[in-house]
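K.L.:
What follows is a single structure, and I will ask about it in a moment.
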Amino acid sequence: MEQLRYVGKSVPRKDGPLKATGRAQYAVDISLPGMLIGKVLRSPHPHARIRHIDTSRAEKLPGVKAVVTAADSLRIKHGFVETPRYPADQLPIAVDTVRHVGEDIAGVAAVDEDTAEEALALIQVDYELLPAVFDPEEAMQPGAPEIHPSHPRVNEPFRNIGGKTATGWGDVEQAFQESYLIRQDKYYCQIRAHGYMEPQATVAHFDYSGKLNVWTSSMGVFLKRAKLARTLGLPYGSVRVLKTYVGGAFGGKIDLFHHEYISALLSMKSHLPVKIVYSREEVFKAARHGQPLIVEVKTGVTREGDILGQEIRTINDSGAYHGSGVVIIFLAWGFAMAPYRVPNLKYEGYSVYTNNLVRAPQRGHGAPKMRFALESQFDMIAEELGIDPVEFRLRNARKTGELLPNGDSVKNFGLRECLTRAAAHTDFKNRHEAARSQRASAVKIKRGIGIGTTAYFGGSLIYPNSSSVIVKLNEDASVSLMTGALDIGQGCETVLSQIVAEELSVPLEEVQVYASDTETTPVDIGSWISGLTYVTGNAAKKAAAQAMKKLLAVAAEELDEPVKDLTAYNKEIFVTRAPERKLSYAQVLAASIAKNKGDSLIGEGHFRTMKKEPTHPSLATAKGRWTENYSSYATVAEVEVDTETGVVKLLKATTAHDCGFPFNPMLVEGQIDGQVSMGQGHMLTEELRVEQGCILNPSFLEYKMPCALDMVETEYLDVITEDYPKDRHYNTKEVGEGYVSGTVAAVANAVYNATGVRLKRTPFSPDRVLTGLEQIRKKEREDHG
């Protein structure tokens, strides 16, 4: 480890200069000759039957080059999940029914934006309005309007059930009978926007050779190609998705978006490039947002604080179609069972159709909601038992090597060390007690401290299930790294370059990355499921190692020495005992081409997580392996509450984090800072206001996200549980999603510590805090007669 030159070092991002100087090209920057501007017509109604669409006036408008409706499509459905149990359920353009405000009905392409907007206004649509329902618990009731028939395998008398996850182990009822204390609570989490700075943007060009070229703001080019090819009826080889830089995604740009499909269809009809860019209002009103979740938790414990059993029920508002709704109810179970031992558990999750916008994954994909609920309840239980909240968690935290109920192992699991170090570093026990004792004081500004934990998976089986990387040595021994991985801001091109530079012992600046082109780069899993450094990184390691093996073999022949007696360093290979006997990489490469039938020393690497598992676990039963790596975090939040205004400020967040091995500590710290900010927004300010399916605050003026001036002080405590071996694949853990959950939970517990207000609905807006304070005062008045 001490001999590593590049891996484990805080090297600058490779894309930093391009982004800092404005030379990085995003999808919104793409401009092609003859390019048209596309616009999308959307439904103003939450639920309606389309009786008739008349596009004739729009088609006759000068400057309009193409108009498309469902009549121009193949009517092939798609979905975030497409499995036998959960087949595709959404059409890219509505055919006969719209199920949410903003559903796509038609597209136009014109010579400029004004003409396109005018053309949209000329399209006439005749609707028959249908009953709508917007609350998931109301949508489940037998008399609710039917959006879709309930899933045929759901036996309960509920309506609009898109999917269900049910799992468990042990005897929960017996556990509750044996419990000293049982708590039952219900928590509500709001709808949030992803808040990416770059809006949805796509350029599509169907050229006369029959090739569809697409530049789009996404999280993975290979999934986009697959979705576009299937819905457009094109061979995969006829669809090329090319790299653009991405101005943020946070889970919100994975699936096929309908503007991508419509821009492609318009280009196929016009044979001209078509560009569609959402306005910020369209992003709020028509793009996919994060999953809201209702979590009901019942927990039984012993007098000493050992968890005996839990019963958890989640209800997700998936919107008008599946989206990722059937995934989050599965994931929520995993985020509940991973960090702590629960010997008896019953879990049920329901994904419910409503007439709201379709939902998408959002950083953490359910973990922040689940950990908010469980960690809040853990503090409540600890208080009732008279146990320190850290001690309660340590009693129940999983230990290294424990086997989870689904067959996963937490292997080198650092949660207990994270808890211990975070608590010691912040003097948590003393400060927690001091803040509690000051609640009754007349001080206007009260301070509190709280702790929250989480565990998060790193890499799972999802299309295309594996990553491949090619490493090529050039004539001057510089290196070309070819990967399908897409850098969405997390720094993957930098990390992959560090790995290749380490394995080949070449200067980092001489590794050139060629990325994210479905026609010229190998397949990649994409920038989600928090697995890119693990899966694609190991593929890069293998590719570079294979190239090095070839280098050493040729050098051994040229130097007439066995490979074991050679050392490679800084683009040279020398005899270890006689360093003056050496060859440059360029000389070795030339010898290989001359003597080995033109072999130019290309390395290939392929990596698949959980190689022995045929597929991902069941979304319905949660049976099956999930991941090979679990990160863990313990977060301590320090807050300030103004008891006159109800305003909560997050002052500082301290994290002890087990991300395995930090490949680039500077990038790790950047990921943590970003997640603190997202957790801050989740808990304190962010909420989409929705009425009858319409977004009421569709701008950053009304939707309050933390900005640069709101960034809080953060402190990092590294808990390193893995290493970087030179002779085999490595294990590492995510650091891009899980920490949001710890922040959310810690803030909730800190607010209670400061004020005695225990809120069960996010965000903790001033009015909710003031209502909680008034309830405490009212109870005090009642208690005193």
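K.L.:
Mind jotting down the distance between the C-alpha centroids of the range 431-475 and the range 570-584, whole Å?
P.N.:
Spelled out, the Cα-based centre of one part sits 46 Å from the other.
K.L.:
Cα convex hull of the range 199-301: how many Å³ per residue? Walk me through the intermediate numbers first.
P.N.:
Details: hull volume 14.7 nm³, N = 103.
It is 143 Å³ per residue.
K.L.:
Find the all-direction average of the projected area of the Cα convex hull for the range 602-698, expressing the result in square nanometres with one decimal place.
P.N.:
Numbers: hull surface 51.7 nm².
Mean orientational projected area (the range 602-698, Cα hull): 12.9 nm².
K.L.:
Could you derive backbone 3J(HN,Hα) for the range 445-459 from the dihedral phi with the Karplus parameters 6.51, -1.76 and 1.60 (θ = phi - 60°), listing whole Hz in sequence and x where the residue is Gly or Pro?
P.N.:
Karplus-based 3J(HN,Hα) across the range 445-459 equals 9, 10, 10, x, 9, x, 10, x, 9, 6, 9, 9, 7, x, x Hz.
K.L.:
On to the next question. Report the gain in length on full extension from residue 697 to residue 391: 0.36 nm times residue separation, minus Cα-Cα distance, nm rounded to one decimal.
P.N.:
On the way: separation 306, 0.36 × 306 = 110.16 nm, distance 4.25 nm.
Extra length available between residue 697 and residue 391 comes to 105.9 nm.
K.L.:
Excluding residue 716 itself, what net charge comes from residues whose Cβ is under 10 Å from its Cβ, given Lys and Arg +1 and Asp and Glu -1? Write down the numbers at each step before the final one.
P.N.:
Numbers: positive: none; negative: 669, 673, 715, 718.
So the surrounding residues net to -4.
K.L.:
Here's something else I'd like to know. Could you work out the longest stretch of the chain that avoids the GluC sites (Glu not before Pro) located in DSSP loops with at most 16 other Cβ atoms within 10 Å? Display every interim value, and only then the final one.
P.N.:
On the way: sites that count: 2, 82, 146, 178, 304, 402, 475, 519, 644, 702.
That would be 179-303.
K.L.:
Just the Kirkwood number for the chain, please: inverse of mean 1/r across all distinct Cα pairs, in Å, one decimal.
P.N.:
Values: mean 1/r = 0.0359 Å⁻¹.
For the chain, the Kirkwood estimate is 27.9 Å.
K.L.:
Using DSSP H assignments, which helices in the chain have an axial alpha-carbon span of 30 Å or above and a mean Kyte-Doolittle hydropathy of 0.0 or higher?
P.N.:
Numbers: long enough: 532-559 (38 Å, 0.32).
Membrane-span-like by this rule: 532-559.
K.L.:
So for the range 673-785, averaging the separation of alpha carbon pairs under 8 Å that are six or more residues apart and normalising by length, what relative contact order in percent results? Show your work: numbers first, answer last.
P.N.:
On the way: 86 pairs, mean separation 37.0, N = 113.
Reported as a whole number, the value is 33 percent.
K.L.:
Taking H placed 1.01 Å from N in the peptide plane, check which residues at least 5 places from residue 127 or on another chain put their amide H under 5 Å from its amide H.
P.N.:
51
K.L.:
Of 268, 197, which has the most accessible area with a 1.4 Å probe, and how do the rest follow in descending order? Intermediate results must be reported in sequence, preceding the final value.
P.N.:
Numbers: 268 50, 197 120 Å².
Largest accessible area first, the residues go 197, 268.
K.L.:
Could you tell me the relative contact order of the chain? Use alpha-carbon pairs under 8 Å, at least six residues apart, and round to a whole percent.
P.N.:
Values: 1969 pairs, mean separation 120.8, N = 785.
Result for the chain is 15 percent.
K.L.:
Kindly state, to the nearest 0.05, the FRET efficiency for residue 475 paired with residue 520, given R0 = 22 Å and r defined as their beta-carbon distance. It would help to have the intermediate numbers written out before the result.
P.N.:
Values: r = 20 Å, r/R0 = 0.91.
So the FRET efficiency works out to roughly 0.65.
K.L.:
I've got another one for you. Please list, in order along the range 711-728, the HN-Hα scalar couplings obtained from phi with the Karplus expression 6.51 cos²θ - 1.76 cosθ + 1.60 (θ = phi - 60°), rounded to whole Hz, x for Gly and Pro.
P.N.:
Values, residue by residue: 4, 9, 5, 10, 9, 10, 10, 7, 10, 9, 10, 10, 9, 10, x, 7, 10, 7 Hz.
K.L.:
If Lys and Arg each add +1 and Asp and Glu each add -1, what is the summed charge of the other residues whose beta carbon sits under 13 Å from the beta carbon of residue 278?
P.N.:
Numbers: positive: 39, 42, 253, 275, 280, 285, 288; negative: 104, 113, 198, 260, 281, 282.
Here the count lands on +1.
K.L.:
Just to confirm a number: summing +1 for Lys and Arg and -1 for Asp and Glu over residues other than residue 407 whose beta-carbon lies under 15 angstrom from that of residue 407, what do you get?
P.N.:
Numbers: positive: 398, 411, 611, 612, 623, 625; negative: 402, 408, 613, 628.
Charge balance in the 15 Å sphere: +2.
K.L.:
Next question, about the same structure. Work out how far the C-alpha atoms of the range 44-128 reach from end to end along every principal axis, then list the three figures in whole Å, largest first.
P.N.:
48, 26, 19
K.L.:
What nm value, rounded to one decimal, do you get for the distance between residue 713 and residue 430 when each label is placed 7 Å out toward the C-beta?
P.N.:
Using points 7 Å along Cα→Cβ, the separation is 1.7 nm.
K.L.:
Summarise the long-distance tail of P(r) for the range 1-46 by giving the % of C-alpha pairs beyond 13 Å. Walk me through the numbers on the way to the answer.
P.N.:
Values: 791 of 1035 pairs.
It works out to 76 percent of all Cα pairs.
K.L.:
With +1 on each Lys and Arg Cβ and -1 on each Asp and Glu Cβ, and nothing else charged, work out how big the dipole of the range 1-153 is about its Cα centre, in Debye to the nearest 20. Working shown, then result.
P.N.:
Working: 18 positive and 22 negative charges, 176 e Å.
Dipole of the range 1-153, to the nearest 20 debye: 840 debye.
K.L.:
Additional query: If the only charges are +1 at each Lys and Arg Cβ and -1 at each Asp and Glu Cβ, what is the size of the charge dipole of the chain around the Cα centre, to the nearest 20 debye? Kindly include the intermediate steps, with their values, before the conclusion.
P.N.:
Working: 91 positive and 97 negative charges, 172 e Å.
Dipole size: approximately 820 debye.
K.L.:
Given 0.36 nm per residue, what is the gain on full extension from residue 138 to residue 611 after removing their alpha carbon distance, in nm? Let's see the in-between values first.
P.N.:
On the way: separation 473, 0.36 × 473 = 170.28 nm, distance 4.31 nm.
So the extension gain works out to 166.0 nm.
The values are calculated or read from the model by the stated rules, or taken from the named source; none is laboratory data. Remember, it's a predicted structure, so these values are computed and weren't measured experimentally. Neighbour counts run over all protein chains shown; Cβ positions are idealised from the backbone, glycine included. The area values use the complete protein model at the heavy-atom level, side chains included, leaving out ligands, DNA and RNA. Shrake-Rupley method; radii C 1.70, N 1.55, O 1.52, S 1.80 Å.
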